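Scroll down for the structure; my scribbles are underneath it.
The values are calculated or read from the model by the stated rules, or taken from the named source; none is laboratory data. Keep in mind that what you see is a predicted model, and the values were worked out from it rather than measured. Here the Cβ is made from the backbone with ideal geometry for all residues, glycine too, and neighbour counts use every protein chain on show.
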Amino acid sequence: MSMMESPKTVGGFREVHGKPVYGVEVYPQTRCSHWRGPHDTIALRMKCCDRWMACFECHRECTDHPAEAWSIHERDQRAVLCGSCGETLTISEYLDASSCLHCGTRFNPGCADHYHLYFEMES
Ligand SMILES: [Zn+2]
Ligand SMILES: [Zn+2]
Ligand SMILES: [Zn+2]
(Lines give C-alpha, C1' and ligand atoms only; values in the text may rest on other atoms or scores of the structure.)
(Ligands and ions follow the chains in the order given, each with its own letter.)
Protein backbone atom coordinates (compact mmCIF):
# COMPACT_ATOMS: atom_id res chain seq x y z
CA MET A 1 0.00 0.00 0.00
CA SER A 2 1.29 3.45 -0.83
CA MET A 3 2.42 5.68 2.02
CA MET A 4 1.39 8.62 -0.10
CA GLU A 5 -2.28 7.81 0.32
CA SER A 6 -4.12 10.80 1.65
CA PRO A 7 -4.63 10.98 5.43
CA LYS A 8 -7.92 11.31 7.21
CA THR A 9 -8.88 14.70 8.53
CA VAL A 10 -7.96 15.94 11.98
CA GLY A 11 -9.84 14.39 14.87
CA GLY A 12 -11.47 11.65 12.86
CA PHE A 13 -10.64 8.01 12.62
CA ARG A 14 -9.57 5.71 9.86
CA GLU A 15 -10.55 2.08 9.62
CA VAL A 16 -7.35 0.05 9.69
CA HIS A 17 -8.02 -3.63 9.03
CA GLY A 18 -11.58 -3.05 10.21
CA LYS A 19 -10.70 -1.24 13.44
CA PRO A 20 -11.32 2.48 13.92
CA VAL A 21 -7.97 4.11 14.69
CA TYR A 22 -8.31 7.64 16.02
CA GLY A 23 -5.75 10.37 15.62
CA VAL A 24 -4.48 13.28 13.61
CA GLU A 25 -4.04 12.40 9.95
CA VAL A 26 -4.14 8.64 10.36
CA TYR A 27 -2.61 6.75 7.45
CA PRO A 28 -3.54 3.23 6.32
CA GLN A 29 -0.95 1.47 8.52
CA THR A 30 -1.70 3.60 11.59
CA ARG A 31 1.00 6.19 10.96
CA CYS A 32 -0.10 9.67 12.00
CA SER A 33 1.01 13.26 11.72
CA HIS A 34 3.45 12.76 14.63
CA TRP A 35 4.93 9.35 13.86
CA ARG A 36 5.17 8.34 10.25
CA GLY A 37 8.53 6.69 9.84
CA PRO A 38 8.84 3.33 8.11
CA HIS A 39 8.55 1.46 11.44
CA ASP A 40 5.68 3.43 12.95
CA THR A 41 3.01 0.87 12.22
CA ILE A 42 1.21 0.12 15.45
CA ALA A 43 -1.82 1.58 17.16
CA LEU A 44 -2.55 1.33 20.86
CA ARG A 45 -5.87 0.68 22.54
CA MET A 46 -6.06 3.15 25.37
CA LYS A 47 -7.11 2.03 28.82
CA CYS A 48 -8.87 5.31 29.56
CA CYS A 49 -11.29 5.41 26.63
CA ASP A 50 -11.00 1.96 25.03
CA ARG A 51 -10.17 3.56 21.69
CA TRP A 52 -7.46 2.62 19.24
CA MET A 53 -5.17 5.63 18.94
CA ALA A 54 -2.31 6.17 16.52
CA CYS A 55 -0.12 7.61 19.31
CA PHE A 56 -0.19 9.41 22.64
CA GLU A 57 0.09 12.80 20.97
CA CYS A 58 -2.97 11.97 18.91
CA HIS A 59 -4.69 11.05 22.15
CA ARG A 60 -3.78 14.41 23.65
CA GLU A 61 -5.02 16.33 20.63
CA CYS A 62 -8.16 14.33 19.96
CA THR A 63 -9.56 13.71 23.45
CA ASP A 64 -10.41 15.81 26.47
CA HIS A 65 -8.92 13.62 29.17
CA PRO A 66 -5.46 12.54 30.31
CA ALA A 67 -4.17 9.24 28.99
CA GLU A 68 -4.12 6.38 31.47
CA ALA A 69 -1.48 3.65 31.34
CA TRP A 70 -2.37 -0.06 31.46
CA SER A 71 -1.34 -1.46 34.82
CA ILE A 72 1.32 -4.08 35.19
CA HIS A 73 -1.46 -6.61 35.94
CA GLU A 74 -3.12 -6.05 32.59
CA ARG A 75 -0.34 -7.30 30.36
CA ASP A 76 -2.67 -9.89 28.83
CA GLN A 77 -4.84 -7.18 27.27
CA ARG A 78 -4.78 -7.13 23.48
CA ALA A 79 -3.92 -3.45 23.33
CA VAL A 80 -1.51 -3.37 20.37
CA LEU A 81 -2.66 -3.37 16.75
CA CYS A 82 -0.21 -4.15 13.98
CA GLY A 83 -1.02 -1.75 11.17
CA SER A 84 0.67 -4.00 8.64
CA CYS A 85 -1.35 -7.20 9.10
CA GLY A 86 -4.22 -6.13 11.35
CA GLU A 87 -3.50 -8.70 14.07
CA THR A 88 -3.53 -7.69 17.71
CA LEU A 89 -0.87 -8.44 20.28
CA THR A 90 -1.09 -8.54 24.04
CA ILE A 91 0.94 -5.97 25.91
CA SER A 92 3.40 -8.61 27.11
CA GLU A 93 3.80 -10.06 23.61
CA TYR A 94 4.51 -6.60 22.29
CA LEU A 95 6.99 -5.68 25.01
CA ASP A 96 8.91 -8.92 24.46
CA ALA A 97 9.09 -8.69 20.69
CA SER A 98 11.01 -6.48 18.31
CA SER A 99 8.74 -7.34 15.42
CA CYS A 100 5.15 -8.45 14.84
CA LEU A 101 4.59 -12.10 15.84
CA HIS A 102 2.18 -12.50 12.94
CA CYS A 103 3.74 -10.75 9.94
CA GLY A 104 7.29 -9.98 11.05
CA THR A 105 7.05 -6.23 10.55
CA ARG A 106 9.72 -4.60 12.66
CA PHE A 107 8.57 -2.25 15.42
CA ASN A 108 10.18 1.13 15.91
CA PRO A 109 12.83 0.57 18.62
CA GLY A 110 12.37 4.23 19.58
CA CYS A 111 8.92 3.37 20.93
CA ALA A 112 10.63 2.04 24.04
CA ASP A 113 11.15 5.64 25.12
CA HIS A 114 7.38 5.98 25.34
CA TYR A 115 6.30 2.65 26.85
CA HIS A 116 5.58 4.33 30.18
CA LEU A 117 2.95 6.56 28.54
CA TYR A 118 0.87 3.51 27.66
CA PHE A 119 2.00 0.78 30.04
CA GLU A 120 2.93 0.81 33.68
CA MET A 121 6.55 -0.40 33.75
CA GLU A 122 8.48 -2.24 36.44
CA SER A 123 10.57 0.18 38.43
ZN1 LIG B 1 -8.35 8.07 26.46
ZN1 LIG C 1 -0.09 10.83 16.46
ZN1 LIG D 1 1.74 -7.75 11.82
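Consider only pairs whose beta carbons are under 7 Å apart and that are at least six residues apart or on different chains; among these, list those whose first residue lies in the range 31-42 and is in contact (Cβ under 8 Å) with a residue 60 or more places away in the chain and whose second residue is within 16 Å of ligand 3 (Cβ to nearest atom) and of a type in the set (Val, Ile, Thr).
Thr41/Thr30; Thr41/Thr105; Ile42/Thr30; Ile42/Val80
Look at Glu57 and say whether it is under 21 Å from Gln29 (Cβ atoms) and touching a Cys at 6+ places or on another chain (Cβ under 9 Å).
So Glu57 passes the test.
May I ask you to list the residues in the range 17-54 that are hydroxyl-bearing (Ser, Thr, Tyr), in contact with a Cys (Cβ under 7 Å, 6 or more places away or on another chain) and farther than 22 Å from Ser99 by Cα?
Tyr22
Mind counting the residues in the range 38-52 that are near ligand 2 (Cβ under 10 Å from one of its atoms) and either within 20 Å of Ser92 (Cβ to Cβ) or out of contact with any helix residue (DSSP H, G or I) (no Cβ under 9 Å at 6 or more places or on another chain) (or both)?
1
So, of the residues in the range 109-123 that are among the aliphatic types (A, V, I, L, M) and in a helix (DSSP H, G or I), which turns out to be nearest to Trp52 (Cα to Cα)?
Leu117
Taking the range 51-77 as the region of interest, how many residues are farther than 17 Å from Glu120 by Cβ and more than 8 Å from ligand 1 (Cβ to nearest atom)?
Going through the range 51-77 one residue at a time, the tally reaches 9.
Which residues, counting only those in the range 93-123, are surrounded by 14 or more Cβ atoms within 10 Å (Cβ to Cβ) and in contact with a Lys or Arg (Cβ under 7 Å, 6 or more places away or on another chain)?
Those that are surrounded by 14 or more Cβ atoms within 10 Å (Cβ to Cβ) and in contact with a Lys or Arg (Cβ under 7 Å, 6 or more places away or on another chain): none in the range 93-123.
Among the residues of the range 62-76, how many are farther than 13 Å from Leu117 by Cα and either buried (at least 17 other Cβ atoms within 10 Å of the Cβ) or within 16 Å of ligand 3 (Cβ to nearest atom) (or both)?
Count: 2.
Condition check ((1) of a type in the set (Ser, Thr, Tyr); (2) within 16 Å of ligand 2 (Cβ to nearest atom)) across all residues:
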{"position": "Glu61", "(1), (2)": "no, yes"}
{"position": "Ser84", "(1), (2)": "yes, no"}
{"position": "Leu95", "(1), (2)": "no, no"}
{"position": "Cys103", "(1), (2)": "no, no"}
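Output the number of residues of the range 64-96 satisfying the condition of being within 17 Å of Thr30 (Cβ to Cβ) and part of a loop (DSSP other than H, G, I, E, B).
Of the residues in the range 64-96, 8 are within 17 Å of Thr30 (Cβ to Cβ) and part of a loop (DSSP other than H, G, I, E, B).
If Cys58 satisfies every condition in (1) part of a loop (DSSP other than H, G, I, E, B); (2) away from ligand 3 (no atom under 16 Å from the Cβ) but one, which is the exception?
Only one criterion is unmet by Cys58, namely (1).
Would you tally the residues in the range 27-36 being buried (at least 23 other Cβ atoms within 10 Å of the Cβ) and closer than 15 Å to Gly86 by Cα?
4
Could you check, for the range 55-71, whether at least one of its residues is modelled with pLDDT of 95 or more, among the polar types (S, T, N, Q) and in contact with a strand residue (DSSP E or B) (Cβ under 6 Å, 6 or more places away or on another chain)?
No, the range 55-71 contains no residue that is modelled with pLDDT of 95 or more, among the polar types (S, T, N, Q) and in contact with a strand residue (DSSP E or B) (Cβ under 6 Å, 6 or more places away or on another chain).
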